[in-house]
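These notes concern the structure reproduced below.
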Amino acid sequence: MSEIAETTAHEAYAFACMRCGYGWEQAYEIEHHVDATGQAFVIYKANGDRVPSPLSSPTCLNCGGHVVRIMRSGRVSSAQQGMIQHRAPAPAQPAPAPQDGAAPHDGTDAAVKPEHHWHLSDLLHPFHRK
């Protein structure tokens, strides 16, 4: 059987697992072929390796789950970049001078907020339509 790629398309998709919240992106080469009987078929390749269609039943690379949201490319990387910027520490502020009779400030702050724990909804928030 002679397989000749009639056309090759390049597509990239972003994925987010609804089970564990893991997000990733992958680029694909999509080869469109016609077999000896005239039937069209498609071969997907990622990093040069043949892979199943990412649109049929994607699997989470982190937990193996199959409830995966498929989006246009760039969505996961932009959300991750936003989370990195959101977590960036604020510039250091000089300690206030002690008032009369007050103990000097030792650099600790009793009202320090705990680090934010990220949830799946935080990762997907930028994807919600307004």
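What order do Glu31, Glu6, Glu25 take when sorted by accessible area (1.4 Å probe), most exposed first?
Sorted descending by solvent-accessible area, the residues read Glu6, Glu25, Glu31.
Determine the shape class of the range 1-66: with a ≥ b ≥ c the square roots of the Cα gyration tensor eigenvalues, call it rounded for a/c under 1.5, and otherwise prolate if a/b is greater than b/c, oblate otherwise.
prolate
Computing the accessible area with a 1.4 Å probe over protein heavy atoms, can you report the carbon and sulfur percentage for the range 8-71?
48 percent
What nm distance separates the two modelled labels at Ala27 and Arg72, each placed 7 Å from Cα along Cα→Cβ?
Label-label distance for Ala27 and Arg72, simple model: 1.8 nm.
Given a 1.4 Å probe and heavy atoms of the protein chains only, how would you sort Ser73, Ser56, largest accessible area at the top?
These residues rank, largest area first, as Ser56, Ser73.
How much FRET efficiency would the formula 1/(1 + (r/R0)^6) give for Thr59 and Thr37, where r is the Cβ-Cβ distance and R0 is 25 Å, rounded to 0.05?
Computed FRET efficiency for Thr59 and Thr37: 0.20.
Students sometimes get this wrong: rank Thr8, Thr37 by accessible area, probe 1.4 Å, all chains present, largest first.
Highest to lowest solvent-accessible surface, that is Thr37, Thr8.
The values are calculated or read from the model by the stated rules, or taken from the named source; none is laboratory data. From a predicted model like this one, the values you see are computed outputs, not experimental measurements. A quick note on method: Cβ atoms are made from the backbone with ideal geometry, for glycine too, and the neighbour counts reach across all protein chains shown. SASA here: full protein model, heavy atoms, side chains in, ligands and nucleic acids out. Shrake-Rupley method; radii C 1.70, N 1.55, O 1.52, S 1.80 Å.
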